[in-house]
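Chemist: Handing you a structure now.
The values are calculated or read from the model by the stated rules, or taken from the named source; none is laboratory data. These numbers come from a predicted model, not from an experiment. Note that each Cβ is placed from the backbone with ideal geometry, even for glycine, and that neighbours are counted across all protein chains shown.
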Amino acid sequence: MAVFGTGATTNSYDEMENTDVLIAWGSNTQECHPIIFNHIRRGIKNNGTKMIVIDPRKIDQTKLAEKWLPVRVGADIALANSMAQVIIEEELYDEEFVSRATEHFNQYKECVKEYPPEVAEGITGVPAEDIREVARMYAKADKAIINWTLGITEHHNGTENVFALINLALLTGHIGKYGSGLNPLRGQNNVQGGGDMGALPNRLTGGWDYDDPKALELFKNVWGVPVPETKGKHQTEMLAAMEQKEIKSLYIIGENPVQSDADGHHIQKLFNDLEFLVVQDILMTKTAQMADVVLPAAASWAESDGTVTNSERRVQRVRSIVAPPGEARHDHEILQDIANAMGLDWNYQSAGEIWDEVRLLSPNFAGISYDRLEKEGGIQWPCPDESHPGTGFLHDRLWEKNVTKKVPFHPTNYQAPVEMPDNDYPFQLTTGRRLSFYNTGVQTQDYKKIKDNEEFLEISQEDADELGFENGDMARIISRRGHVTAKVKISKKLYKGLLFMTFHFPDQTDTNLLTINATDPLAGTAEFKACAVKIERADRKQRESSPVSAHGD
Ligand SMILES: Nc1nc2c(c(=O)[nH]1)N[C@H]1C(S)=C(S)[C@@H](COP(=O)(O)OP(=O)(O)OC[C@H]3O[C@@H](n4cnc5c(=O)[nH]c(N)nc54)[C@H](O)[C@@H]3O)O[C@H]1N2
Ligand SMILES: Nc1nc2c(c(=O)[nH]1)N[C@H]1C(S)=C(S)[C@@H](COP(=O)(O)OP(=O)(O)OC[C@H]3O[C@@H](n4cnc5c(=O)[nH]c(N)nc54)[C@H](O)[C@@H]3O)O[C@H]1N2
Ligand SMILES: [Mo]
C-alpha cells in the first residue's frame, strides 16, 4: 500500500533488538532516547548486534560499541561517501537490488569515487582502515539498521546528510526488510503524532501533500470547507516573514522559541517587534513572558487524554488521571473555543471524536479505533482497516519483482559547516543534550536536586591546559552574535578544538545567543551543531545572562 510521508522510521523497536549491525549516526541514543537504547542494548547483549557509533564525542554509549568513528563535526557526507566507495570498489553492494529498485546509481558511483578512505580520513579525522572496516561490516551484514538524529540533521546541509545515509541503505539493500532500514528517531514523545496530524506546513492530516487533488476533495467533504490553496511556512520561513513584517502576530502552542531558536538576540528582536503574541503553554516561559495573551494549557502527561504516536509509528492511548489545575484547559478545548469565537461551529466532545475524524481523513489510521487501542495496547500505522494488524516495517514493496516506483540515489558532496573556526574564533562549538535535562529547561531546570543542574562549557584537557583553565573556572564564551558565561568542565569526550554545551539552562547561560542561524534550505533546520567561538576567563561572580524584555516594554 502507499505510505504517505510525514517522515518516519522504517523499522520497529523489536527489529533494533534483532538486527546484526546497528549504526547510531549522530545520535546520543543512550541519553536522548533511553527507551530505544534499551532495545539496542538487549540486541547487543542477547542477539550479538554489533553497534557502530559515529559521533565526534566519545559519548558513553561508545562503551557498548563494536566500533566508534570519531567523525569531525559536519564531515558525515565525506564519511558516508567513503564507505560507499569501499563497498562499490570491493563489490560488496547488492547489485540485484540496485538495478531492480533504484535509479541514478551511475551518478552516485561517480560522486563517491572522489572519496577513497585516505582522502576521507583527511576530511573526517576517521582513520582510513576504520572506514573500510565499518563499510565492510555494514555491507556484509544480513540485517543492518542506520539510526540517526540531530548530529546529522542540525546542519545547514542536514537534508543532504540524510540523503548520504539513505544512499548507503539503497546501495546495500538494507531497506524494506525485517531488521534492515533507516530510522530518524523522533525527538519528543509525540513529534511523530504532531506531524501525522498535519502540524506541518506542506502536509495535511495523515501525511497527504497539501495540494494532492484526491486529498483536497476528501478534506472538503469531511470538513465542509476547502483547504487553503497555498502551503504554509515552516518556522524559518516564518522568522524571515517576521523580519519583513509580513507576519505581525504569532500564536505559539507548546514551544519556547525565544530560548530554543538559533541566534537568540536576533530572535528576541523579532519577537519584540511583533504586534500581537499569544502563547499557549503548560508553564510560564521566556516566550510567554513576552506575550500579550497567555493561555494556560493542561497537558502534562497525567492530564492528557487522547493518543500519542511514538518513534516506531505506534499509536497509543493516553488517559488523564488528574484534573487540570486552576484555569488550565486541554489544548483542543482552547482551540475549539477560539475557532467558535471566529464564527465556526465546532462541537468535539472528546479527543476520541477528533480521532474518529482523523480516521476518515487518512488511510494510515483508518483501522486504528479506540476500541482496538484499548484491547491491543498500541498499533503501528499504516493500518488501513480494522482487520489490518498494523505495519512493523515500511517499504517492503522494494522487494517486489516489479518495482513500480524506483527510488533515486541522491549524490551529495561534503560541505564544511558555514562558520568554521579561524584566528578570531578558534574553537568549534557543538550543542546538544544531557540525560537529566530537557530542551530549554522549562520542564526540568527547577529540579535543583538533580546533579549538575547548571550549564558547563565542556572542553578537552589539551585546550584547557593551553588556556590555563581548571574545572570550575568561569569562562566567557563569545561568538559573532553574542556571549554567555559558564563553568568550565574538562571532558574526555572531546577532541582538541571542539567544545560542547547544552541549551538546558538558558536562564543562566543562554547558549542560543551564540548559535548561528545558517539553515538548511529544504528543511529550515538551523546549524545548531556547529559555530565558531572564542573563550576568555570570566569573573566567577559575574554570571552574564541576557535579559529578555517583555513584549511592549
Ligand atoms: N543550541 C541548540 N538549540 C536547539 C537544539 C539543539 O540541539 N541545540 N535542538 C532543537 C530541537 S531538536 C528542539 S525540538 C527545540 C526544542 O525547543 P522548544 O520546543 O522551544 O523547547 P521546550 O523546552 O521543549 O519547550 C516546549 C514547551 O512546551 C510546553 N509544553 C509541554 N507540553 C505541552 C502541552 O501538551 N501543551 C502545551 N500547550 N504546551 C506544552 C513546555 O512547558 C515548554 O514551554 O530546540 C531546538 N534548539
Ligand atoms: N535527556 C534528554 N532527552 C531528549 C531531549 C533532551 O533535551 N534531554 N530532547 C529530545 C529532542 S527534542 C530531540 S530532537 C532528541 C535529540 O537527540 P540527539 O540527536 O541524540 O541529541 P543531541 O545531543 O542534540 O545530538 C546527538 C549527538 O550528535 C553529535 N554530533 C554533533 N555534531 C555532529 C556531526 O556533525 N556529526 C555526527 N555524526 N554527530 C554529531 C553530538 O556529539 C551528540 O552526541 O532528544 C530527545 N530526547
Ligand atoms: Mo527536537
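Chemist: Output yes when any residue across segment 137-152 is of a type in the set (G, A, S) and under 23 Å from the mean Cα position of the chain (by Cα), and no when none is.
Modeler: For segment 137-152, residues of a type in the set (G, A, S) and under 23 Å from the mean Cα position of the chain (by Cα): present.
Chemist: Sticking with this structure for a sec: Could you please give the count of residues in segment 514-538 that are away from ligand 3 (no atom under 16 Å from the Cβ) and among the basic types (K, R)?
Modeler: So the answer is 2.
Chemist: Out of all the residues in segment 189-241, which are in contact with an Asp or Glu (Cβ under 9 Å, 6 or more places away or on another chain) and of a type in the set (G, A, S)?
Modeler: Answer for segment 189-241, where residues must be in contact with an Asp or Glu (Cβ under 9 Å, 6 or more places away or on another chain) and of a type in the set (G, A, S): G206, G207, A215, A240.
Chemist: Are there any pairs, at least 6 apart or on different chains, whose C-beta atoms fall under 7 Å, with the first in segment 85-106 and closer than 18 Å to A135 by Cα and the second among the basic types (K, R) and buried (at least 16 other Cβ atoms within 10 Å of the Cβ), and if so, which?
Modeler: Close Cβ pairs (under 7 Å, with a partner that is among the basic types (K, R) and buried (at least 16 other Cβ atoms within 10 Å of the Cβ)) amount to V86/R132; I88/K109.
Chemist: Which count do you get for residues in segment 212-257 that are over 28 Å from the mean Cα position of the chain (by Cα), farther than 23 Å from H332 by Cα and part of a helix (DSSP H, G or I)?
Modeler: 4
Chemist: Here is a further query. Condition first: of a type in the set (S, T, Y) and either assigned to a helix (DSSP H, G or I) or not assigned by TED's automatic domain parsing to the domain that holds R136 (or both). Now tell me which residues in segment 61-108 satisfy that.
Modeler: Hits for segment 61-108 are T62, S82, S99, Y108.
Chemist: Right, another one. Among (1) crowded, with 19+ Cβ neighbours inside 10 Å; (2) touching a residue at least 24 places away in the same chain (Cβ under 8 Å), which single condition is Y210 missing?
Modeler: With respect to (1) crowded, with 19+ Cβ neighbours inside 10 Å; (2) touching a residue at least 24 places away in the same chain (Cβ under 8 Å), Y210 is out only on (2).
Chemist: Something else: Quick one: how many residues across segment 128-152 are out of contact with any Ser or Thr (no Cβ under 6 Å at 6 or more places or on another chain) and either within 16 Å of ligand 3 (Cβ to nearest atom) or farther than 30 Å from T515 by Cα (or both)?
Modeler: Looking only at that region, the number is 16.
Chemist: From K493, K448, K487, grab the single residue that is more than 16 Å from ligand 3 (Cβ to nearest atom), over 20 Å from L514 (Cβ atoms) and not assigned by TED's automatic domain parsing to the domain that holds E31.
Modeler: The conditions single out K448.
Chemist: Let me ask something else. Looking only at segment 420-449, filter to residues that are farther than 21 Å from S27 by Cβ and of a type in the set (A, V, I, L, M); which one of those is farthest from ligand 1 (Cβ to nearest atom)?
Modeler: Looking at the filtered set, the residue picked out is M420.
Chemist: Okay, moving on. Before we move on, is L499 assigned to a loop (DSSP other than H, G, I, E, B), in contact with a Phe, Trp or Tyr (Cβ under 7 Å, 6 or more places away or on another chain) and closer than 23 Å to N439 by Cβ?
Modeler: Judged against the criteria, L499 is not a match.
Chemist: Right, something else. Which condition number in (1) surrounded by fewer than 22 Cβ atoms within 10 Å (Cβ to Cβ); (2) touching a residue at least 40 places away in the same chain (Cβ under 8 Å); (3) more than 16 Å from ligand 3 (Cβ to nearest atom) is the one that G195 fails?
Modeler: (3)
Chemist: Residues that are surrounded by fewer than 16 Cβ atoms within 10 Å (Cβ to Cβ) and either within 16 Å of ligand 3 (Cβ to nearest atom) or over 28 Å from the mean Cα position of the chain (by Cα) (or both): does segment 287-305 have at least one?
Modeler: yes
Chemist: Applying the selection to segment 13-49, what residues are near ligand 2 (Cβ under 8 Å from one of its atoms), in a helix (DSSP H, G or I) and crowded, with 24+ Cβ neighbours inside 10 Å? Before you say what the answer is, go through the steps one by one.
Modeler: Going residue by residue through segment 13-49, those that are near ligand 2 (Cβ under 8 Å from one of its atoms) are 25-29, 31-34.
Next, from what is left, pick out any that are in a helix (DSSP H, G or I): 29, 31-32, 34.
Passing the criteria: only T29.
Residue-wise test of (1) more than 16 Å from ligand 1 (Cβ to nearest atom); (2) modelled with pLDDT under 95; (3) surrounded by fewer than 18 Cβ atoms within 10 Å (Cβ to Cβ).
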position: D55; (1), (2), (3): no, no, no
position: D60; (1), (2), (3): yes, no, yes
position: L69; (1), (2), (3): yes, no, no
position: I87; (1), (2), (3): yes, no, no
position: Y108; (1), (2), (3): yes, no, no
position: E118; (1), (2), (3): yes, no, yes
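Chemist: Sort out which residues of segment 411-451 are loosely packed, with under 14 Cβ neighbours inside 10 Å and either at pLDDT below 95 or in a strand (DSSP E or B) (or both), and write them in order of number.
Modeler: D446, Y447, K448, K449, I450, K451
Chemist: State whether the residues of segment 205-216 include one that is over 30 Å from G43 (Cα atoms) and within 16 Å of ligand 1 (Cβ to nearest atom).
Modeler: Start the filter on segment 205-216 by keeping residues that are over 30 Å from G43 (Cα atoms), which leaves 205-216.
Checking the rest, the ones that are also within 16 Å of ligand 1 (Cβ to nearest atom) come to none.
For segment 205-216, residues over 30 Å from G43 (Cα atoms) and within 16 Å of ligand 1 (Cβ to nearest atom): absent.
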